[in-house]
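Q: Structure provided below as structure tokens; questions to follow.
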Amino acid sequence: MILSKIKNYFSPNKLRQILYVFFVFLIFVSIYHLAYAKRIIPGVRVGSLRVGGMTYLQARKALEENEKKLTEEVVFKADNKEYRIKGSDISLSYDWDGSVSRAFEVGRTGNFFIDNKDKVAGLVRGLYVAAFYEYDDDLAGAKFSLIKADANVDARDASVAFDSNGSLVISPSIEGVKIVDELFHNMFVSSLDKMDFSPKTLPTKKIRPKVFEEDLKTALPEIEKILSNEITIRDGDKSWLLGKNQLLDFLKFTKNTKLEYMLDEPKFKAFADSVSQEVNQLPRGQVVTTQDNKVTEFKLIKDGKELDVKEFSRRFKDAFFNSKKLVELPMSTVSGPASKEKYGILALLGEGTSTFKGSGAGRVHNLALAADRTNGVLVAPGAIYSMNNSIGDVSAKTGYNIAYIIQEGKTVLGSGGGVCQTSTTIFRAVLKAGLPVVMRYPHAYRVSYYEQNMPVGFDASIFQPTWDFRFKNDTPNYVLVQSSYNLNDSSLTFRIYGTPDGRTVEISEPVVTNQSPPPPALYQDDSTLAKGIVKQVDFPAWGATVKFTRVVKRNNEVLFQDDFNSRYQPWRAIYLVGTK
């Protein structure tokens, strides 16, 4: 019945044409599948290379031969510069087996419609398959970062500065350039996918500044007025005078609809932090009694004080923009309950000792005074302890005697000789407590006092205001720095108390290398000594390079590891010969 309907609808001649086309199509399809049963279907490209119609081995060989002709170097051009990413620099490796296997999958997915669409598309316009490859992401990321660091140019707002005559001058704005990261990465990947190593234009966009020269020209009289007002910062007998250059450093401009002045918050915070280091005083506590290294009695012996940075910023802005000349520092009292549990002063964390046998009376006085002034400091969680901040100014006016110190590579008489015995001893306690050391300087040469009860290398020097000893309290509770000394046996001890958190400390033996003998002794005439008197003021010491390592663990997990390196120069003995 259906056949009779078809005969009625189509003429016999038309029906023969349809059947002819159908049989031709069946023959074509049969030949197509027979011809490409073990070959890649026509029109397929891997990257830029045509592999359609090839067997697996032919395609693989063709890709290998093609690779030999490639530079495998992606080149980006921008402003007469070229940025090159070589394949060897990023460990680029093409996978031809994977690439050919993917090419063979085209037209063979098992989906009738997709496969036939791809087969037709291959005959008409071709089919593209990305090459398979691998490269080191970290190496490539480093290359991207270097290119961006060189090509990116920050937009710069117009600014003001003082010239050599003290007059305000305006520096013009500069337009910035920034790489478009996503486009940059996509172009790089596309080059590898297609094996296309022709030069590319680096994708960038322009960044416009916000403040222009004409904006500042209009506002110049107001800017000059702000900067002409010197400001004094004061806390008791301490003061800081800020002149026009320092004030200019704090001035920041921005523009939305009109030019606005504001305080440069990051720069002011850095200044406020430096002021805090000088004026802040940590509270003081004392462990009264212990049993088996556990604290049984603790008391608070002195409140601390702390700069209120937020209020300081408010007062400074008021003075800065309203021509006021004085800012009193807002200080708040740092105090709290004397409970050992609330402060977390529960047990001994670490102890350091040193001896000072043979020290002169002035040196002993100074180290004892520094130890007293360091004693009892409570360091808050997350805070950094500074020895210079704890002991205050080291000078004759603060009670220190004249004794020998190391200054600019020489041993000379100066205020505070012996204070480094204190920094050395607390360094040893901090090492054993497993707390992070933030700042430590070794001495210029080996000092005999510091090797009386410890190997070489376990010393720490301070020299105000630049050289300091600092550590961080990285525990969740306070830690207490407590000192004591015994003049009878010439010993100094520092103890660090806090809350144990299970950390353990391993300290290696110091490794001593590059040893060199001291130079010959030096004899110097001294008109203050009587004839015939010879006085030794410096002692010989071998030069050496010393290193030891500390590993801090908790539950066998390494929290941190640090190396402590010291380079000591050889030191000669010096004798003063009386000529009076």
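The values are calculated or read from the model by the stated rules, or taken from the named source; none is laboratory data. Remember, predicted model here, so these are calculated numbers, not experimental data. Here the Cβ positions follow ideal geometry from the backbone for every residue, glycine too, while neighbour counts run over all protein chains shown.
Q: Mind counting the residues in region 45-59 that are surrounded by 19 or more Cβ atoms within 10 Å (Cβ to Cβ), of a type outside the set (A, V, I, L, M) and in a helix (DSSP H, G or I)?
A: Looking only at that region, the number is 0.
Q: Within region 322-351, can you find the residues that are surrounded by 15 or more Cβ atoms within 10 Å (Cβ to Cβ) and in contact (Cβ under 8 Å) with a residue 60 or more places away in the chain?
A: V327, L329, M331, Y343, G344, I345, L346, A347, L348, L349, G350, E351
Q: Residue by residue through region 80-94, note down the ones that are loosely packed, with under 14 Cβ neighbours inside 10 Å and either touching a residue at least 12 places away in the same chain (Cβ under 8 Å) or touching a strand residue (DSSP E or B) at 6+ places or on another chain (Cβ under 8 Å) (or both). Walk me through how you get there before you give the answer.
A: Quick first cut of region 80-94, residues loosely packed, with under 14 Cβ neighbours inside 10 Å only: 80-82, 84, 86, 88, 91, 93.
Listed by number, the residues that qualify are K81, E82, R84, K86, S88, S91, S93.
Q: Checking R446 against (1) part of a strand (DSSP E or B); (2) surrounded by 16 or more Cβ atoms within 10 Å (Cβ to Cβ), only one condition comes out false. Which one?
A: The one condition R446 does not meet is (1).
Q: Of the residues V160, V129, V211, V180, which is more than 30 Å from A272 (Cα to Cα) and touching a residue at least 40 places away in the same chain (Cβ under 8 Å)?
A: Working: V160 fails: more than 30 Å from A272 (Cα to Cα); V211 fails: more than 30 Å from A272 (Cα to Cα); V180 fails: touching a residue at least 40 places away in the same chain (Cβ under 8 Å).
Step by step, each of V160, V129, V211, V180 is checked, and only V129 is more than 30 Å from A272 (Cα to Cα) and touching a residue at least 40 places away in the same chain (Cβ under 8 Å).
Q: Check whether at least one residue in region 195-205 is in a loop (DSSP other than H, G, I, E, B), surrounded by fewer than 18 Cβ atoms within 10 Å (Cβ to Cβ), acidic (D, E) and touching a residue at least 60 places away in the same chain (Cβ under 8 Å), and report yes or no.
A: yes
Q: Only one of these conditions is not met by N245: (1) without any contact (Cβ under 8 Å) to a residue 12 or more places away in the chain; (2) under 30 Å from M331 (Cβ atoms). Which number is it?
A: Of (1) without any contact (Cβ under 8 Å) to a residue 12 or more places away in the chain; (2) under 30 Å from M331 (Cβ atoms), only one is false for N245: (1).
Q: Mind listing whichever residues of region 273-300 are more than 19 Å from T374 (Cβ to Cβ) and acidic (D, E)?
A: Passing the criteria: D273, D292, E297.
Q: Would you say R470 is in the same structural domain as P442 (by TED's automatic domain parsing) and in contact with a Gly (Cβ under 8 Å, 6 or more places away or on another chain)? Break it down stepwise before answering.
A: Working: in the same structural domain as P442 (by TED's automatic domain parsing): yes; in contact with a Gly (Cβ under 8 Å, 6 or more places away or on another chain): no.
Against the criterion (in the same structural domain as P442 (by TED's automatic domain parsing) and in contact with a Gly (Cβ under 8 Å, 6 or more places away or on another chain)), R470 does not qualify.
Q: Just to check your reading of the model, which residue among K255, K325, K310 is more than 28 Å from the chain's Cα centre (by Cα) and more than 29 Å from S173 (Cα to Cα)? Break it down stepwise before answering.
A: On the way: K255 fails: more than 29 Å from S173 (Cα to Cα); K310 fails: more than 28 Å from the chain's Cα centre (by Cα).
Selected residue: K325, the only one of K255, K325, K310 that is more than 28 Å from the chain's Cα centre (by Cα) and more than 29 Å from S173 (Cα to Cα).
Q: Considering region 109-153 alone, what residues qualify as being within 30 Å of V75 (Cα to Cα), of a type in the set (D, E) and part of a helix (DSSP H, G or I)?
A: So the first thing to find is which residues in region 109-153 are within 30 Å of V75 (Cα to Cα), and the list is 125-153.
Pick out the ones that are also of a type in the set (D, E) and you get 134, 136-138, 150.
Selection gives D137, D138, D150.
Q: Would a scan of region 507-517 turn up a residue that is surrounded by 14 or more Cβ atoms within 10 Å (Cβ to Cβ), in the same structural domain as V456 (by TED's automatic domain parsing) and either touching a Pro at 6+ places or on another chain (Cβ under 8 Å) or in a loop (DSSP other than H, G, I, E, B) (or both)? Walk me through how you get there before you give the answer.
A: As a first pass, look at region 507-517 and keep what is surrounded by 14 or more Cβ atoms within 10 Å (Cβ to Cβ): 507, 510, 512.
Filter once more, so that each one left must be in the same structural domain as V456 (by TED's automatic domain parsing): 507, 510, 512.
Restricting the remaining residues to those that are either touching a Pro at 6+ places or on another chain (Cβ under 8 Å) or in a loop (DSSP other than H, G, I, E, B) (or both) gives 510.
Within region 507-517, one or more residues are surrounded by 14 or more Cβ atoms within 10 Å (Cβ to Cβ), in the same structural domain as V456 (by TED's automatic domain parsing) and either touching a Pro at 6+ places or on another chain (Cβ under 8 Å) or in a loop (DSSP other than H, G, I, E, B) (or both).
Q: I would also like to ask the following. Restricting the first residue to region 368-387 and requiring it to be assigned by TED's automatic domain parsing to the domain that holds T353 and under 14 Å from K472 (Cβ atoms), which pairs with a second residue that is of a type in the set (A, V, I, L, M, F, W, C) and assigned to a helix (DSSP H, G or I) meet a Cβ separation below 9 Å and a spacing of at least six or different chains?
A: Correct list of pairs: Y385/I426; Y385/V430; M387/A370; M387/V419; M387/I426.
Q: Follow-up. Restricting to region 241-298, count the residues that are in a loop (DSSP other than H, G, I, E, B), modelled with pLDDT under 90 and surrounded by 13 or more Cβ atoms within 10 Å (Cβ to Cβ). Spell out how you get there, then give the answer.
A: From region 241-298, those in a loop (DSSP other than H, G, I, E, B) are 243, 256-258, 264, 280, 282-283, 292-293; that's our starting set.
If we keep only those that are modelled with pLDDT under 90 as well, we get 256-258, 280, 282-283.
Subsequent filtering for residues that are surrounded by 13 or more Cβ atoms within 10 Å (Cβ to Cβ) retains 280, 282-283.
So the count comes out to 3.
Q: For the condition in contact with a helix residue (DSSP H, G or I) (Cβ under 7 Å, 6 or more places away or on another chain), in the same structural domain as L522 (by TED's automatic domain parsing) and buried (at least 16 other Cβ atoms within 10 Å of the Cβ), what is the one hit in F539, F548, F564? Spell out the reasoning first.
A: Numbers: F548 fails: in contact with a helix residue (DSSP H, G or I) (Cβ under 7 Å, 6 or more places away or on another chain); F564 fails: in contact with a helix residue (DSSP H, G or I) (Cβ under 7 Å, 6 or more places away or on another chain).
Step by step, each of F539, F548, F564 is checked, and only F539 is in contact with a helix residue (DSSP H, G or I) (Cβ under 7 Å, 6 or more places away or on another chain), in the same structural domain as L522 (by TED's automatic domain parsing) and buried (at least 16 other Cβ atoms within 10 Å of the Cβ).
Q: Residue check: is G532 in the same structural domain as V447 (by TED's automatic domain parsing), exposed (fewer than 11 other Cβ atoms within 10 Å of the Cβ) and under 30 Å from Y343 (Cβ atoms)? Give the derivation first.
A: Details: in the same structural domain as V447 (by TED's automatic domain parsing): yes; exposed (fewer than 11 other Cβ atoms within 10 Å of the Cβ): yes; under 30 Å from Y343 (Cβ atoms): no.
No, not satisfied.
Q: Right, R125: among the basic types (K, R) and over 50 Å from the mean Cα position of the chain (by Cα) or not? Break it down into steps so the answer makes sense when it comes.
A: Details: among the basic types (K, R): yes; over 50 Å from the mean Cα position of the chain (by Cα): yes.
For R125, the condition - among the basic types (K, R) and over 50 Å from the mean Cα position of the chain (by Cα) - is met.
Q: Right, next: Of everything in region 60-85, what is assigned to a strand (DSSP E or B), among the acidic types (D, E) and over 14 Å from L146 (Cα atoms)? Give them in sequence order.
A: Here is the first cut: in region 60-85, the residues assigned to a strand (DSSP E or B) are 73-78, 81-85.
Still in the running and among the acidic types (D, E): 73, 82.
Hit for region 60-85 is E73, nothing else.
Q: Do any residues in region 461-472 that are under 22 Å from R446 (Cβ atoms) have Cβ atoms under 8 Å from those of residues that are assigned to a loop (DSSP other than H, G, I, E, B) and among the aromatic types (F, W, Y), where the two are at least six apart or on different chains, and which pairs are they?
A: Correct list of pairs: I462/F469.
Q: From the list R572, R495, R503, exactly one residue is touching a Pro at 6+ places or on another chain (Cβ under 6 Å) and either at pLDDT below 95 or surrounded by 15 or more Cβ atoms within 10 Å (Cβ to Cβ) (or both). Which is it?
A: Matching residue, one of R572, R495, R503: R572.
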